[in-house]
Amino acid sequence: LQTRSNSYAFGIDNQGLVRHLYWGSRINAMEDFEMPELAEVSTNDPVYEITKEEFPVYGGLRYKEHCLKVTFADGTRDVAYEYVNYEIQKNEQCEELVIILKDKHYALVMELHYKIYEAYDLMERFVVLKNESTEVMQIEKLHSGQFHVPYEGLNFRNVHGHWGAEQQKFVQKVDYGKIIFENRRGISSHNHNPYFILDQDATETTGNVYFGALRMTGNFSGAVEQTQYGETLVQMGINTHDFTWDLKPGESFASPEILCGYSADGFQTMSHNLHQFANDFLLREGLRPVLYNSWEATGFDVTVQEQKKLAAKAKELGAELFVVDDGWFGQRHGIDNGLGDWYVNKEKFPNGIDELIDEVKAQGLLFGIWVEPEMVNPKAELYAKHPDWIYHFDTRESDTSREQYVLDLTKNEVKAFVLEMLDNLLSNHEIDYIKWDANRPISQTNLKKDLWYKHIQALYDIVKETKKKHPAVLFEACASGGGRIDYGILGIFDDFWTSDNTDAYDRLFIQDAYSYIYPIKAMRAWVTDCPNFLSNRVIPMKFRYHSAMMGTLGIGCNILKFTEEDIALSQEMIAQYKEIRPIIQEGTFYRLNHTSANDYFLYEYMKGNEGVLFAFLPQSKLGHRGVTVKLRGLEENASYELLMEDGKLTKSGSYLMKHGFDMRLTGDYASMLIRINKL
Ligand code: GLA
């Protein structure tokens, strides 16, 4: 399989095994590849353990992590595959190779799919199982594919975190033993994220980097294993935790895709390829609006008068979309009631929500609204009517979290209720934007062990179906902040709430880590009030704006309390953001290095002849002399003008990239935005 810069090779040997041969920089002479002889080291090191298999199954003398475990109707728990055939399909976006395998005894077909996105240097791998027998087969494990990285001592990178602290980078040396990264909560990403990066001490621009992102929002798991035979294995897929899938006669079941690639020159190429792919194929076209959201300003205390005032002020500042957050519906005065009762609260909106929507529209703004459709409060009317709609075991009391239960979306009537609720909301009101929240993990499920997977499929279906009827509506995914950001949900939703942590300094770390895998257009960032509700930190407004302008800009302040100075600065910043928005949201993003003893954060964006550089210095220390900034992505022989706040500079691309230019920020929470123009 050839992409622009890389090759991925495997073959079928004379025993019908699908054996991996190579993953790395492009080799044109594919005929040079040979299939090594299978040789056992000893009776305790069987060939299957040494052989690099693309899709190791549970069966025979295999003891390392497998990708598939099946129990057949007669109780046999051993898969033995043979190669049948292959197909090549040419789609508009990619070419696809399908390797067809079949169990030697049972009518189980295993299709290994490889989609090649040549220009992006990316590949998507997934597996489809087909039951062609007359009896049910129980799938106990399905991972989407095994990767073989021909090195030891690699670095495994992912993020850890929790509410308010998503996307915290970590590096773990891969050694003997396994690294398992997973989620068991039903939402994918507060604690870890469904992706792997394996590198050999890579930097932004140098070194071997192997990576893969699982297109799945629910319970995923991944395993990294350095074997005794000089290589590192990695695989990802559906978490086996509390999972079985009954594959009925005539049915098929597809694993989630792993979007994967290799970079011979560091993390930057990985990010660029993924960002470009997401922007071109997954995310909805068009620029994301500057939004105002009233959550941090009003909490649950939503009133029509105040919301109208906020909308007018948001317009004055330059916002384009006004979003009413939690608190507008049912008896929602705090976290303990209202979820499930999706009617407009009469006390807060005596004349209905249209009074506010009309005002928002009269201001020329788009209108957005918050919902949390997968949940119900025990006190809500919906729960009184349908206590059996929540996940539960009959003999157990279901736990509440944030005083709410999770609705069993795998039930047809519950899914239909959510679909109808959204359809009514969007048909009866002029709504342009839905912020879809999910504020707790799933527990006390139901009797079926496929619900973790099916819940997420139901969520995807509901949004896709609603979008068919209401194609102009943008959907934002939020799960107590950044609890649902992954390549499964990316594109089904259009906008992503990165974190409830809106501290502009903490956000630099969160956003930096986010940008490794996820595109900037999917990174919503707000400017909020100080002291910050979480950190109690006070940061100058300009720094807060610059930090939020790194993604899709939003404002979450109580803007009714703004001083004249705050208003003027906000107007200036928002206007500037709108000018540079195509560069930020659709440009190429660079995390720049520097050698200053001070902790500068430097981020560059380039689109065509224009660029932007954000420089942040949270704390000036030890009387430092500044920083030399080496730009990237310029044309060597072109001249560039850098427009700084305090003057301008004209230099060649090659000078700016190789020698760099000097700048100096001082004080605490200093920041600067520099425009880059090719002359
Ligand atoms: C979650 C979200 C917030 C806000 C509140 C409302 O915490 O992450 O942005 O919408 O719920 O209850």
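For this structure, a couple of remarks:
- Restricting attention to the range 534-561, the residues that are part of a loop (DSSP other than H, G, I, E, B) and either under 23 Å from the mean Cα position of the chain (by Cα) or at pLDDT below 95 (or both) add up to 3.
- Any hit, the range 196-203, residues being of a type in the set (A, V, I, L, M), more than 16 Å from the ligand (Cβ to nearest atom) and part of a loop (DSSP other than H, G, I, E, B): yes
- Qualifying positions in the range 1-59 - modelled with pLDDT of 95 or more, out of contact with any Lys or Arg (no Cβ under 9 Å at 6 or more places or on another chain) and of a type in the set (Val, Ile, Thr): VAL18, ILE27
- Candidates TYR655, TYR669, filtered to the one that is within 34 Å of the chain's Cα centre (by Cα) and among the hydroxyl-bearing types (Ser, Thr, Tyr): TYR669
- Leading residue by the ranking (nearest to PHE562 (Cα to Cα)) among those in the range 298-312 that are more than 12 Å from the ligand (Cβ to nearest atom) and surrounded by 22 or more Cβ atoms within 10 Å (Cβ to Cβ): LEU310
- Among the residues of the range 55-72, those identified as farther than 25 Å from VAL41 by Cα and either β-branched (Val, Ile, Thr) or without any contact (Cβ under 8 Å) to a residue 24 or more places away in the chain (or both) are VAL70, THR71.
- Restricting attention to the range 432-448, the residues that are touching a Phe, Trp or Tyr at 6+ places or on another chain (Cβ under 8 Å) and within 16 Å of the ligand (Cβ to nearest atom) add up to 5.
- Residues satisfying the stated conditions in the range 167-195, i.e. touching an Asp or Glu at 6+ places or on another chain (Cβ under 9 Å), within 16 Å of the ligand (Cβ to nearest atom) and either at pLDDT 95 or above or aliphatic (A, V, I, L, M) (or both): GLN167
- Residue list for the range 161-178, filter: in a strand (DSSP E or B) and more than 16 Å from the chain's Cα centre (by Cα): PHE170, VAL171, GLN172, LYS173, TYR176, GLY177, LYS178
- In the range 270-297, the residues that are within 16 Å of the ligand (Cβ to nearest atom) reach residues that are among the polar types (S, T, N, Q) with C-beta atoms within less than 6 angstrom, at least six apart or across chains, in these pairs: GLU296/THR528; ALA297/ASN558.
- Residue tally, condition within 17 Å of ALA297 (Cα to Cα) and either at pLDDT below 95 or out of contact with any strand residue (DSSP E or B) (no Cβ under 9 Å at 6 or more places or on another chain) (or both), over the range 562-579: 4
- Qualifying positions in the range 484-533 - touching a residue at least 60 places away in the same chain (Cβ under 8 Å), assigned to a loop (DSSP other than H, G, I, E, B) and either farther than 19 Å from ILE434 by Cα or away from the ligand (no atom under 16 Å from the Cβ) (or both): ASP486, TYR487, GLY488, GLY491, ASP494, ASN501, THR502, TYR518, PRO519, THR528, ASP529, PHE533
- Scanning the range 630-679 for residues that are polar (S, T, N, Q) and part of a strand (DSSP E or B), we see that the one that is surrounded by the most Cβ atoms within 10 Å (Cβ to Cβ) is SER671.
- Checked against (1) within 16 Å of the ligand (Cβ to nearest atom); (2) in a loop (DSSP other than H, G, I, E, B); (3) touching a residue at least 40 places away in the same chain (Cβ under 8 Å), PRO350 passes all but a single condition, namely (1).
- For MET541: the one exception among (1) among the aliphatic types (A, V, I, L, M); (2) within 14 Å of the ligand (Cβ to nearest atom); (3) more than 30 Å from ASP280 (Cβ to Cβ): (2)
- Verdict on THR588 being hydroxyl-bearing (Ser, Thr, Tyr) and in contact with a helix residue (DSSP H, G or I) (Cβ under 9 Å, 6 or more places away or on another chain): yes
The values are calculated or read from the model by the stated rules, or taken from the named source; none is laboratory data. Keep in mind that what you see is a predicted model, and the values were worked out from it rather than measured. As a convention, Cβ positions derive from the backbone with ideal geometry for all residues, glycine included, and neighbour counts pool all protein chains shown.
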